[in-house]
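See below for the structure under consideration.
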Amino acid sequence: MVSEEDALTGASDDREGTERSRIAGEASAAAAVAAGDGNEPAPAEAPQPDLTAAAFFDVDNTMMMGASIFHFARGLAARKFFTTSDLAGFAWEQLKFRIGGRETNVAEHRDTALSFVAGRNVDEIVALGEEIYDELMADRIWSGTRALAQMHLDAGQRVWLVTATPVELAQIIARRLGLTGALGTVAESVDGVYTGRLVGEILHGPAKAHAVRALAVAEGLDLRRCTAYSDSVNDVPMLSVVGTAVAVNPDPELRDIAKERGWQIRDFRTGRKAAKIGVPSLLGAGAIAGAVAVGYAYRKR
């Protein structure tokens, strides 16, 4: 049986986790608003704005093949930010996080999530993010998901990415795709230098739902008219706060929930069924291949 003390401790941890998620969501929404709308110039014949409807897209394995933060880490490793063995460990932690990313894993992951940029200048990391996007991410965008985003833009709606990846990197991806902006994990910085700590929590699970709600308030959106897209069962909280939810390249659990709730399902993984993909569907075939290669190199060392 659970003791009264354990029960109280668990309740306290739950409250703290909820508070961190709320702080993370509100910080991410504030960063998105501060970054401003319209990353790309409006076309000459811009559609009539639909100001109360918007779309929200997860990034990893929804908009992009694989984990964006892992691709970013690969690029930093190539620039000697850390060692091959560090990257191998990072790849393993990302794999565990994507497979079992419930809140217990998030709490464990929080303290080391952005430690590799501690002491680095924000502008330096952003500049590197631009380079690494061109090198390792641009060719990994799912064309089918990109077309869905464009559909919303053509309807005059705003489109935001919503991701656990650092907000600066998320904003780069959004800008390169011509989207409105991005909600991402906010890393604390002082005088333009990262401290290695997060503001609140990784933008994951319930934190994404908090961020979407906070942005809706700030931007005057009617969430009943909004649409959200994700591949992961961890994003059910975000998918549940909008009027239309779409499972894109879904993991088995999300596929089941989507069928139960009547959500749309889109699968752009050519020639493969989600139930048969296993681990590669969680982290992305490209990231898995990279992790395996890094692990092999580490073992040789």
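The values are calculated or read from the model by the stated rules, or taken from the named source; none is laboratory data. Given the structure is predicted, the values throughout are model-derived calculations rather than measurements. Backbone-built Cβ (ideal geometry, glycine too); neighbour counts: all protein chains shown.
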| field | Condition check for Ile202: modelled with pLDDT of 95 or more and either among the aliphatic types (A, V, I, L, M) or in contact with a helix residue (DSSP H, G or I) (Cβ under 6 Å, 6 or more places away or on another chain) (or both) | value | no
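Would a scan of region 38-59 turn up a residue that is modelled with pLDDT of 85 or more, among the polar types (S, T, N, Q) and in contact with an Asp or Glu (Cβ under 9 Å, 6 or more places away or on another chain)?
Keep residues of region 38-59 that are modelled with pLDDT of 85 or more, which gives 48-59.
Remaining after also requiring among the polar types (S, T, N, Q): 48, 52.
From what's left, in contact with an Asp or Glu (Cβ under 9 Å, 6 or more places away or on another chain): 52.
Checked region 38-59: at least one residue is modelled with pLDDT of 85 or more, among the polar types (S, T, N, Q) and in contact with an Asp or Glu (Cβ under 9 Å, 6 or more places away or on another chain).
Can you pull out the residues in region 151-174 that are out of contact with any strand residue (DSSP E or B) (no Cβ under 8 Å at 6 or more places or on another chain) and over 24 Å from Gly205 (Cβ atoms)?
The initial filter retains those residues of region 151-174 that are out of contact with any strand residue (DSSP E or B) (no Cβ under 8 Å at 6 or more places or on another chain), namely 151, 154-156, 172.
The answer is Met151, Asp154, Ala155, Gly156.
So, in region 93-137, how many residues would count as being part of a loop (DSSP other than H, G, I, E, B), modelled with pLDDT under 60 and surrounded by fewer than 18 Cβ atoms within 10 Å (Cβ to Cβ)?
In the first step, residues of region 93-137 are kept if they are part of a loop (DSSP other than H, G, I, E, B); the result is 101-102, 111-114, 118-120.
Narrowing the set further to residues that are modelled with pLDDT under 60 leaves 101-102, 111-113.
Then keep just the ones that are surrounded by fewer than 18 Cβ atoms within 10 Å (Cβ to Cβ); that gives 102, 111-112.
Final tally of qualifying residues: 3.
Output the residues belonging to region 210-227 that are assigned to a helix (DSSP H, G or I) and either surrounded by 24 or more Cβ atoms within 10 Å (Cβ to Cβ) or not acidic (Asp, Glu) (or both).
Let us first name the residues in region 210-227 that are assigned to a helix (DSSP H, G or I), namely 210-219, 223-225.
Listed by number, the residues that qualify are His210, Ala211, Val212, Arg213, Ala214, Leu215, Ala216, Val217, Ala218, Leu223, Arg224, Arg225.
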| said: When you check Leu215 against the structure, is it closer than 14 Å to Ala54 by Cα, touching a residue at least 24 places away in the same chain (Cβ under 8 Å) and touching a Ser or Thr at 6+ places or on another chain (Cβ under 7 Å), yes or no? | reply: no
| query | Among the residues of region 253-288, how many are at pLDDT below 95 and part of a helix (DSSP H, G or I)? | reply | 13
| task | Within region 205-231, count every residue that is out of contact with any strand residue (DSSP E or B) (no Cβ under 7 Å at 6 or more places or on another chain), over 9 Å from Gly25 (Cα atoms) and at pLDDT 95 or above. | result | 9
| said: Can you name every one of the strands (runs of 3 or more DSSP E) wholly within region 138-209 that holds 2 or more residues which are small (Gly, Ala, Ser) and closer than 26 Å to Gly75 by Cα? | reply: 181-185, 187-190
| task | Could you please find all residues in region 218-234 being within 15 Å of Trp160 (Cα to Cα) and in contact (Cβ under 8 Å) with a residue 60 or more places away in the chain? | result | Ala218, Glu219, Gly220, Leu221, Asp222, Arg225, Cys226, Thr227, Ala228, Tyr229, Ser230
| message | I'm told Ala245 meets every condition in (1) at pLDDT 95 or above; (2) within 14 Å of the chain's Cα centre (by Cα) except one. Can you identify the failing condition by its number? | response | (2)
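In the list Ala187, Ala155, which residue meets the criterion of being of a type in the set (Gly, Ala, Ser) and touching a Phe, Trp or Tyr at 6+ places or on another chain (Cβ under 6 Å)?
Values: Ala155 fails: touching a Phe, Trp or Tyr at 6+ places or on another chain (Cβ under 6 Å).
It is Ala187.
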| Yes/no for Leu161 being within 17 Å of the chain's Cα centre (by Cα), closer than 23 Å to Arg22 by Cβ and either of a type in the set (S, T, N, Q) or at pLDDT 95 or above (or both) | yes
